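**Q** Sharing a structure below in structure tokens format, with a few things to ask.
The values are calculated or read from the model by the stated rules, or taken from the named source; none is laboratory data. Quick caveat, the model's predicted, so the values are computed rather than measured. With ideal geometry, Cβ positions are generated from the backbone for all residues, glycine too; neighbour counts draw on all protein chains shown. Surface areas here come from the heavy atoms of the whole protein model, side chains and all, with no ligands, DNA or RNA. Shrake-Rupley method; radii C 1.70, N 1.55, O 1.52, S 1.80 Å.
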Amino acid sequence: MLSNGSEETLVAATTTSRRAIMDRLESRLVDGPELPEIDLKELTTFDDPLEHFCQMVQAVGGQPHRLDRPEDATAILEAIPVFSEATRVASLVPEIAKGNVDVSMIDDPHALATLDWTIVQGDFAVAENGAIWIDGDSLPQRVMLFIAQYLAIVVSGSQVVSNMHEAYERVGKPPHPFGIFVAGPSKTADIEQSLVLGAHGCRALQVFITP
Amino acid sequence: MKLPIVDHPTAAHEFIVNDERSEWHDKALWFVRSKRDKQAHTVPEWEYLRSVASQIKTHTVANLGQYLAEFEKNATALGATIHWAADADEHNDIVLKILKKHGTRRIVKSKSMLTEECGLNHCLEANGIDVVDTDLGERIVQLREETPSHIVLPAIHIKKEEVGETFHEHLGTEEGASDPKYLTEAARGHLRGKFLAGEVGITGVNFAIAETGGFVVCTNEGNADLGVSLPRVHIACMGIEKLIPRFGDLAVFTRLLARSATGQPITTYTSHFHGPRDPESELHIVLVDNGRSRLRGSKEFRDALHCIRCGACMNTCPVYRRSGGHSYHATVPGPIGSVLSPTRDPKSYKSLPYACSLCGSCSDVCPVKIPLHHQLLAWRKELVGKGLLSFGKRLSMRGASLLFRYPMLFTTAGKIGRTGLKWAPRWMTHNRLNKWTIARELPEPPAESFREWYKKNRKG
Amino acid sequence: MPPARSNGIVYLRGQRSPASDYHARRVQEKFSSGGRNFVGIIRISLETAVSVFRSMSCAGFIALHRVGFSAVCRLYCLNAHFARFIQLVRMTVALFVPCYLDQFYPDVPIATLELLERLGVEVVYPEGQTCCGQPMANTGCNSETEPVAKRFVEMFADYETIVCPSGSCTAMVRQHYGDYFADDDPAYNHVRDRTFDLCEYLHDELQVSELDVQFPHRVSLHKSCHGLRELRMASCSESMTPRVDKVRSILDLVGGIQWCQPERDDECCGFGGTFAVNEPDVSAAMGRDRVQDHIQSGSEVLASADMSCLMHLQGLIRREKRPIQVMHVAQILVGRPVYNAAETH
């Protein structure tokens, strides 16, 4: 319950300021150009977007794995010590890994604090920068992408666009409540420009590219 | 509030006098600039993108009221609460009220230059709220009770040994440790606890989209996302100029931002928020003016509102690299800061537009084509017009103008100068009063001027 | 607003380039007041002919376009060649000597003069000149700059072409005089359109393709900011737009140069005019870094098209007794021996 009419004063103050700001913006007419349309001829596209995507995943610190069959990912994962030794795994891609944490049953995201691995499906890949689009609607809890120590994203090699213009076209409108481009593992160079992979999010990123 | 007068040359001196540190700082930032160049070279349409981005921003600034109204309508329809703050104090007030409403004691905040500009941390701490800056660089400067020296690389002025000392004191790391991996790991553990304990998450906004009512936050560390995916309340603070008209425009800006800022093709995380997370969560967006609508009224400086806070101008600026961000005594330093700060307080920041050799590199790297070096020159004219140039300098310019209007005076003065230089004792010409000669020799005076030579050898 | 160059631009019917219009009028004024000598009369006659011809060529082009595009092309090409021929026959440039070169580095304008004369150009030195006004303008003192700028335009308006051995002074005239003149002021437009840095002039106007000069030394080039980023005389490292390097192209015509490349191709030297004394520490630090970079590249001659940069770098070199010399491009192009550019002969 609110006290001291703070909600009302909040709204009143904001209305006054809104009026003042909009007045200043509307009373001062400023000439400007038209909103430009992108000339598609100017944009770089790749002959082999998938190949370029794999190179860029590496460039941004991720590890790409091109698979003949989705099931091949399982063996690769099992071969990674931090996966085979992991105790809490949340997987939204059961054909690759069976997790033992059912995130859809979790109400409080804090409960995922001890998550070792998250495995999710990406919607499509972007060749120019190694990014993968993940639709928030596919995530029962958004935090699972960031809180796990390790992250794996599965994306189809037939779903690769060349650049961000094609990517946003593909994301489409109206956007869902949450969506994210993930490119590589979390990282920082804040200490003397020394690149360290694994800042606050995942320490490493595996990208499984299915046919 | 009257700000003290910032004397950039003196502040720069304190930084430069430590040769080794200044050189190290310069090299570190030049390295970031080179990474930017490498990335720009991989995009054949780089200059085209800059032109498009600039045009989008010019159009948006011209029609800002309309786009803000559109943004507000769409964001509200998605369930977000929009707040309007005329200035820094109001912004802080709004955030504080939201936190008080929820009885918040602990917040986590990702990088937001706007909240720095408004001095949010001080306000919240004064009200008993624990504020944790979760960006590693920001956390380092927070623990050291310093201010960030760069808008993207807040701790670029700090050596790893110094980070080690700070972490030893506050995080209990080993004394003398300086390995970045070890220190980052320590920070990871320390901040994990803070994320989990955070009651409200505060972020900045990289881009707000009028068409959809959403906004984008770009990070490499994942701290913004961790910060807002755990608590139920997300407060996003943005300057009103961060708006772009269409969802598709994000393509242009996401291609330019990270490449310009850190020389990466894109940040690790580019998160798009449209409305609150779920019915039990709240999303507050605070729109801040704080002088921006007034700046929009200036034909000369309006383009500074294009700024997407990438920091490329700082990385390329030879003055910034050698004098350090703190020498500007401003929230945003470097070339863009030297344009923005005097708009806030011309008297206090009058030395900043002169902290520039007019090399023009900043204008060339700016992804949104702000004509920075021309604006810095324009600021000089403004400052002279406001009577803020020192009397001595004004007098010497008047004197120079006089000489240049009368060739007889000019040639006489030149002759006196050359003769004086030839015959006067060294202590008279090369001394501390003559700032040129502190580090340099004056030119050797020639026997005759060009016009004297011409008269003898060519005329007639 | 008139374009930066009046060469090769088609005007609408009835419209004439303000520059050629103004010039035609001035020449007529001169002619009616009487040329002083034989050379003067020839010069004035030729100038009149060219001006009249230029005006006609535009109108002629428009009138003839009905006759057929190919016919017009042929005619226009002929016109262009003829205009060029006239230009070559009566090449006269006015030498604009920056104030500090006149008083402290006279060998640079002397070398410029000698070079142009060797290339068949008649060089005139308007003696009342002093300065372009840049020191005052860069400090923000517009009211002190205005009379100096006006004087400059008045002084140089009579000349078809103005050449200056300094990128920064040229940039001042071409890009920063707008504050002091009306947009359609013909004298200002003419001076603005026809003032060139020396290397620009050699590369774009004279199109020099050979020089009989040897300079067997290790040379590194300092790219002055104004020449680079205002006049766009070369590509710069942060811009993705490729541009011809006009200074280097001209220097490549000199035999024997062994090029050395500093690590940072185009970082500012730190002179910046009054910046050098307003921010002495930063200025000196920037200059020292440039000097060291050039030395470590193995260079013995630090060359530039702008003596202001070199004045600052030379000051540091001499104070710290660094093993490198500075020379202006003009001095290299006339084959001066390597020596401290401050010395005159």
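**Q** Taking the residues in the stretch B:292-311 that are away from every other protein chain (no Cβ under 11 Å) and in a loop (DSSP other than H, G, I, E, B) as candidates, determine which candidate is most open to solvent (accessible area, probe 1.4 Å).
**A** Across the stretch B:292-311, the extreme among qualifying residues is B:Glu300.
**Q** Could you tell me whether B:Glu444 is among the acidic types (Asp, Glu), closer than 20 Å to C:Cys131 by Cβ, surrounded by fewer than 19 Cβ atoms within 10 Å (Cβ to Cβ) and within 8 Å of chain C (Cβ to nearest Cβ)? Quick ask: steps written out before the conclusion?
**A** On the way: among the acidic types (Asp, Glu): yes; closer than 20 Å to C:Cys131 by Cβ: no; surrounded by fewer than 19 Cβ atoms within 10 Å (Cβ to Cβ): yes; within 8 Å of chain C (Cβ to nearest Cβ): yes.
No, not satisfied.
**Q** Take C:Gly120 and tell me if it is small (Gly, Ala, Ser) and open to solvent by 10 Å² or more (accessible area, probe 1.4 Å).
**A** The answer is yes for C:Gly120.
**Q** Given the conditions (1) touching a Phe, Trp or Tyr at 6+ places or on another chain (Cβ under 9 Å); (2) part of a loop (DSSP other than H, G, I, E, B); (3) open to solvent by 10 Å² or more (accessible area, probe 1.4 Å), which single one is not true for C:Glu160?
**A** For C:Glu160, the exception is condition (1).
**Q** Filter the stretch B:412-445 for residues that are closer than 25 Å to C:Phe275 by Cβ and part of a loop (DSSP other than H, G, I, E, B) and give the result.
**A** The answer is B:His430, B:Asn431, B:Arg432, B:Leu433, B:Asn434, B:Ala439, B:Arg440, B:Glu441, B:Leu442, B:Pro443, B:Glu444, B:Pro445.
**Q** Related question: How many of the residues making up the stretch B:351-367 are part of a loop (DSSP other than H, G, I, E, B) and farther than 16 Å from C:Met286 by Cα?
**A** Counting residues in the stretch B:351-367 that are part of a loop (DSSP other than H, G, I, E, B) and farther than 16 Å from C:Met286 by Cα gives 3.
**Q** Mind listing just one residue for me: the one in the stretch A:42-67 that is open to solvent by 80 Å² or more (accessible area, probe 1.4 Å) and either part of a strand (DSSP E or B) or at pLDDT below 95 (or both) and, of those, nearest to the other protein chains (Cβ to nearest Cβ)?
**A** So, considering only residues that are open to solvent by 80 Å² or more (accessible area, probe 1.4 Å) and either part of a strand (DSSP E or B) or at pLDDT below 95 (or both), the one nearest to the other protein chains (Cβ to nearest Cβ) is A:Gln63.
**Q** Looking only at residues in the stretch B:155-199 that are part of a helix (DSSP H, G or I) and of a type in the set (Lys, Arg), which one is nearest to B:Asn18 (Cα to Cα)?
**A** Among residues in the stretch B:155-199 that are part of a helix (DSSP H, G or I) and of a type in the set (Lys, Arg), the one nearest to B:Asn18 (Cα to Cα) is B:Lys160.
**Q** Name, by its number, the condition in (1) over 22 Å from B:Cys362 (Cβ atoms); (2) more than 7 Å from every other protein chain (Cβ to nearest Cβ); (3) open to solvent by less than 20 Å² (accessible area, probe 1.4 Å); (4) more than 22 Å from the chain's Cα centre (by Cα) that does not hold for C:Gly315.
**A** (2)
**Q** If B:Ala224 meets every condition in (1) more than 7 Å from chain A (Cβ to nearest Cβ); (2) touching a helix residue (DSSP H, G or I) at 6+ places or on another chain (Cβ under 6 Å) apart from one, which number is that one?
**A** (2)
**Q** Something else now. In the stretch B:130-150, which residues are of a type outside the set (Asp, Glu), more than 15 Å from B:His25 (Cα to Cα) and open to solvent by 10 Å² or more (accessible area, probe 1.4 Å)?
**A** If the condition is that a residue be of a type outside the set (Asp, Glu), more than 15 Å from B:His25 (Cα to Cα) and open to solvent by 10 Å² or more (accessible area, probe 1.4 Å), then B:Arg139, B:Gln142, B:Leu143, B:Arg144, B:Thr147 are the ones that fit.
**Q** Additional query: Applying the selection to the stretch A:142-179, what residues are more than 7 Å from chain B (Cβ to nearest Cβ) and at pLDDT below 95?
**A** A:Gly172
**Q** Tell me which residues, restricted to the stretch B:18-38, are open to solvent by less than 40 Å² (accessible area, probe 1.4 Å), of a type in the set (Asp, Glu) and more than 7 Å from every other protein chain (Cβ to nearest Cβ).
**A** Within the stretch B:18-38, B:Asp26 is the sole residue that qualifies.
**Q** Considering only the stretch B:436-460, state which residues are modelled with pLDDT under 90 and either of a type outside the set (Gly, Ala, Ser) or closer than 30 Å to C:Glu146 by Cα (or both).
**A** The answer is B:Arg458, B:Lys459.
**Q** Separate question: Can you work out which of the residues in the stretch C:111-134 that are more than 9 Å from chain B (Cβ to nearest Cβ) and among the polar types (S, T, N, Q) is nearest to the chain's Cα centre (by Cα)?
**A** Result: C:Thr112.
**Q** Of all the residues that make up the stretch B:45-99, how many are more than 7 Å from chain A (Cβ to nearest Cβ), of a type in the set (Gly, Ala, Ser) and buried (at least 17 other Cβ atoms within 10 Å of the Cβ)?
**A** Looking only at that region, the number is 6.
**Q** Picking from B:Leu358, B:Leu383, B:Leu352, which residue would you name as being at pLDDT 95 or above, within 7 Å of another protein chain (Cβ to nearest Cβ) and open to solvent by less than 10 Å² (accessible area, probe 1.4 Å)? Before the answer, list the steps.
**A** Details: B:Leu358 fails: open to solvent by less than 10 Å² (accessible area, probe 1.4 Å); B:Leu352 fails: within 7 Å of another protein chain (Cβ to nearest Cβ).
Checking each option against the conditions leaves just B:Leu383.
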